[in-house]
Amino acid sequence: MSSQCTNKILMVKPSKFHFNEETALNNYYQKNDNNSLNLIQEKALLEFNNLVEAIKKVGVTVITPEDTPIPSTPDSIFPNNWFISEPDGKLFLCPMFAENRRLERIKFLGTLIDNINCKNIKLLNFTKFEKENLFLEGTGALVLDRVNKIAYGSLSKRCDKELFEAFTKETGYKMVAFHSYQSINSQRLPIYHTNVMMALCSNFAILCKDSIDNLEEREMVINSLIESGKKIIYITEDQTNNFAGNVIQIKNNKGDLFTLMSERAYRAFSAEDIKIIEENSTIIFSSIPTIENYGGGSVRCMISEIF
């Protein structure tokens, strides 16, 4: 049986992190106050280092290649969007929405392959679909139940339904596709990545059901989670805006489980929510406001699992 969690992760050390105008076209969590680029990078690097240190301290293997300022890849700090590593050796290279994000694969693919545990890697390269403007952005677009082989995906510009289906056929996952939305200026607009409104851990799931406006789709997702044995922590849209859905569970080399999140997400959870999370894992949280505000992603986006 596959494990939901891994003890080896990839995190990319930023060299020129800043607000990315290309991704802001449909990532409404990004904020830009036109602050100094050097100051933004300085703060982001400190936040990154503090999070990495906290994770390494509990015995998790963290691979931290360093980005280069040229060519510019401002979102390299979110590597989970350009690949998916599977326990059976499959490595899925993902088609990316923003052109300047596609350069991340070129920079870090060698490091990734060197650190994959499986010697017989089967490469599934979907990057050719970028030419057709079709995208499927890794474990941002897909939230994977690796034990029960169920893939959840909120359909959007960055989660194409046909590519989602092709991924499940190649990997053996059951496809659970739906639509989720957030309120922006009195409009209901698609949430750009599934992993901001949903997370899957060993014994529990986090879900913003209120973002799934279609009641049949909402019931489908909830029933799938319940039938697969997950206790569901329901979060509000306000909690989602504070990245309470953007968490990830990993394990250390002894098999101990840790649930990682930002301090902002931690403060957004209720005491009851925290109790459920702590039933089978230890929470690690870290303050990353610069990364969250300018990048529009949080801790889960910063971590790519390596199997």
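A few comments on the model shown:
- Within segment 133-161, the set of residues being assigned to a helix (DSSP H, G or I) and within 14 Å of residue 94 (Cβ to Cβ) comprises 138, 139, 140, 141.
- Taken over segment 64-85, residues that are open to solvent by 30 Å² or more (accessible area, probe 1.4 Å) and more than 9 Å from residue 14 (Cα to Cα) amount to 4.
- Test result for residue 130, open to solvent by less than 10 Å² (accessible area, probe 1.4 Å), charged (D, E, K, R) and farther than 19 Å from residue 44 by Cβ: no
- Unmet criterion (only one of (1) under 27 Å from residue 256 (Cβ atoms); (2) open to solvent by 10 Å² or more (accessible area, probe 1.4 Å); (3) under 19 Å from the mean Cα position of the chain (by Cα); (4) modelled with pLDDT of 95 or more) for residue 58: (3)
- When residues of segment 63-104 are limited to those that are among the basic types (Lys, Arg) and outside any loop (DSSP other than H, G, I, E, B), the one nearest to residue 300 (Cα to Cα): 101
- Taken together, 46, 51 contain a single residue that is without any contact (Cβ under 8 Å) to a residue 12 or more places away in the chain and either part of a strand (DSSP E or B) or among the hydrophobic types (A, V, I, L, M, F, W, C) (or both), which is 46.
- Test: residue in segment 43-63 that is touching a Ser or Thr at 6+ places or on another chain (Cβ under 8 Å) and under 30 Å from residue 172 (Cβ atoms): yes
The values are calculated or read from the model by the stated rules, or taken from the named source; none is laboratory data. In this text the structure is predicted, and so the values were computed from the model without any measurement. Reconstructed Cβ throughout: ideal geometry from the backbone, glycine too, with neighbour counts over all protein chains shown. When the accessible area is computed, the model is the full protein with side chains, heavy atoms only, and any ligands, DNA or RNA have been set aside. Shrake-Rupley method; radii C 1.70, N 1.55, O 1.52, S 1.80 Å.
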